[in-house]
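First comes the structure, then the notes that go with it.
The values are calculated or read from the model by the stated rules, or taken from the named source; none is laboratory data. Predicted model only: the values in this text are computed from it and were never measured. A quick note on method: Cβ atoms are made from the backbone with ideal geometry, for glycine too, and the neighbour counts reach across all protein chains shown. All accessible areas refer to the heavy atoms of the entire protein, side chains included, with ligands and DNA or RNA removed. Shrake-Rupley method; radii C 1.70, N 1.55, O 1.52, S 1.80 Å.
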Amino acid sequence: MKRFFKYWLLFLSPFFVFLLFYFYLDPFKVIWSYDNYYVKGDGGINRDFVSTNMYIKGKDRYHYDSFIIGNSRSLFYKIEDWKKHIAPNSIGYHFSESGGSVKGILRKLQFIDKQNEKIRNAIITVDYDLLSQTDREGRLFLPAPQLTNFSNYFSFHTEHLKAWFDLRFLYYWIYYHLFNEYSPKMAKYIEQGTNYHYYNPITNEELFVTEDSLIKTGKYFSSKTMRLFKNIQKPDSIYPIAINEERKDILIQAKHILDKHQTYYKIVINPLYNEICINPQDYNTLCKIFGKDNVFNFSGINKWTQDYHHYYEPSHYTANVSSEIMDSIYFHHDDTSH
């Protein structure tokens with residue numbers, strides 16, 4: 001029997017060594033605490049986890065009262081630009097996530113509310129991709145355990161641990177760290193981390209400073225970049241209905257929290273380069289829930305979606321567009337008392 005256990009221990013020893021390396025290296029940044037999670041060559045970061053942990057880390061010190069909530073398309077609404085339209089003493093925070101879902105919006109509002117913190121102002125960005133998802137699956141899209149009262153703690157960490165044992169991930173991760181060479185085929189497994197220098201840990205703001213500079217000087221849109229924009233636009237198309245009864249109820253719950261805090265909020269329907277319009281029924285549903293004066297539909301054909309210069313790639317519009325959108329949505333109700 002002792003010999004049996006000895007052989008099994010010898011057989012499993014590589015597994016335990018591998019496991020120790022996982023905890024030590026923390027490739028997905030879910031074990032230890034960091035001031036900047038977006039480091040070079042990480043294993044793909046769960047943005048919901050980062051946003052939640054950075055909020056917890058800063059809330060007692062900064063007492064955030066204004067929030068930009070949405071999927072990754074909400075990243076480029078600069079707090080500095082927002083302060084032109086809200087009270088200068090407001091403290092803004094990016095509570096973003098990858099992919100996005102209606103439950104993701106609700107969880108964040110509920111979590112802030114439970115901290116007995118104010119929600120003075122809010123910009124919530126939505127689109128078909130977000131509104132058509134009650135919740136999301138997959139390591140990058142799982143909600144931070146703190147937002148679920150730790151009900152998904154085990155599954156959250158199990159998914160990340162499983163990804164560590166993916167041989168394809170390990171190959172690319174080791175190769176990139178050894179040779180400092182990155183290629184597009186690695187994107188599914190690791191992130192290049194080129195913008196980590198411009199991350200603001202106080203506001204959880206990620207800025208594409210390099211890309212903005214290249215766009216400004218006309219050096220960004222190479223032939224390689226332009227291939228991303230081919231055959232994307234479908235100007236005569238309309239998305240299917242995204243908001244079913246379950247998602248409608250979730251959005252109504254979110255509205256109740258905003259009402260409780262007397263929040264000055266704006267719902268922005270993202271201008272996507274594909275020029276596909278959000279379904280009119282979804283637009284009407286959002287207007288009924290949040291009020292027509294608070295919902296701004298920039299989907300379909302407009303001055304931004306007609307020009308690729310307004311996009312980093314087809315899915316994400318630039319910080320300049322976000323700034324112009326804020327100028328537009330606050331134009332008729334500009335009131336910096338909020």
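Numbers at a glance
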{"item": "Yes/no for Asp282 being over 19 Å from the mean Cα position of the chain (by Cα), among the acidic types (Asp, Glu) and within 20 Å of Ile241 (Cβ to Cβ)", "result": "yes"}
{"item": "Ile250 vs. criteria of a type in the set (Val, Ile, Thr), in a helix (DSSP H, G or I) and touching a residue at least 60 places away in the same chain (Cβ under 8 Å)", "result": "yes"}
{"item": "Index of the failed condition, Leu214 passing every other in (1) within 30 Å of Arg107 (Cβ to Cβ); (2) not in a loop (DSSP other than H, G, I, E, B)", "result": "(1)"}
{"item": "The stretch 223-261, subset under 23 Å from the mean Cα position of the chain (by Cα) and acidic (Asp, Glu), residue most open to solvent (accessible area, probe 1.4 Å)", "result": "Glu246"}
{"item": "Boolean, Asn195 is at pLDDT below 95 and loosely packed, with under 15 Cβ neighbours inside 10 Å", "result": "no"}
{"item": "Selection from the stretch 100-131 of residues that are of a type in the set (Gly, Ala, Ser) and out of contact with any Ser or Thr (no Cβ under 9 Å at 6 or more places or on another chain)", "result": "Gly104"}
{"item": "Qualifying residue in the stretch 170-179 (condition: touching a helix residue (DSSP H, G or I) at 6+ places or on another chain (Cβ under 6 Å), touching a residue at least 60 places away in the same chain (Cβ under 8 Å) and open to solvent by 20 Å² or more (accessible area, probe 1.4 Å))", "result": "no"}
{"item": "Residue in the stretch 285-308 that is without any contact (Cβ under 8 Å) to a residue 12 or more places away in the chain, open to solvent by less than 80 Å² (accessible area, probe 1.4 Å) and touching a strand residue (DSSP E or B) at 6+ places or on another chain (Cβ under 8 Å) present", "result": "yes"}
{"item": "Test for Glu206: is it at pLDDT 85 or above, open to solvent by 80 Å² or more (accessible area, probe 1.4 Å), within 20 Å of the chain's Cα centre (by Cα) and not β-branched (Val, Ile, Thr)", "result": "no"}
{"item": "Every residue from the stretch 65-115 that is over 18 Å from Leu147 (Cα atoms) and free of Cβ contacts under 8 Å to residues at least 24 places away in the same chain", "result": "Glu80, Lys83, Asn89"}
{"item": "Meets criteria (closer than 18 Å to Asp129 by Cα, open to solvent by less than 50 Å² (accessible area, probe 1.4 Å) and touching a strand residue (DSSP E or B) at 6+ places or on another chain (Cβ under 9 Å)) for Tyr273", "result": "yes"}
{"item": "Any helices (runs of 4 or more DSSP H) falling wholly within the stretch 35-146 and containing at least 1 residues that are open to solvent by 30 Å² or more (accessible area, probe 1.4 Å), under 27 Å from Met186 (Cβ atoms) and not β-branched (Val, Ile, Thr)", "result": "47-62, 128-131"}
{"item": "Residue match in the stretch 262-270 (condition: open to solvent by 10 Å² or more (accessible area, probe 1.4 Å), more than 30 Å from Met226 (Cβ to Cβ) and either part of a loop (DSSP other than H, G, I, E, B) or without any contact (Cβ under 8 Å) to a residue 60 or more places away in the chain (or both))", "result": "yes"}
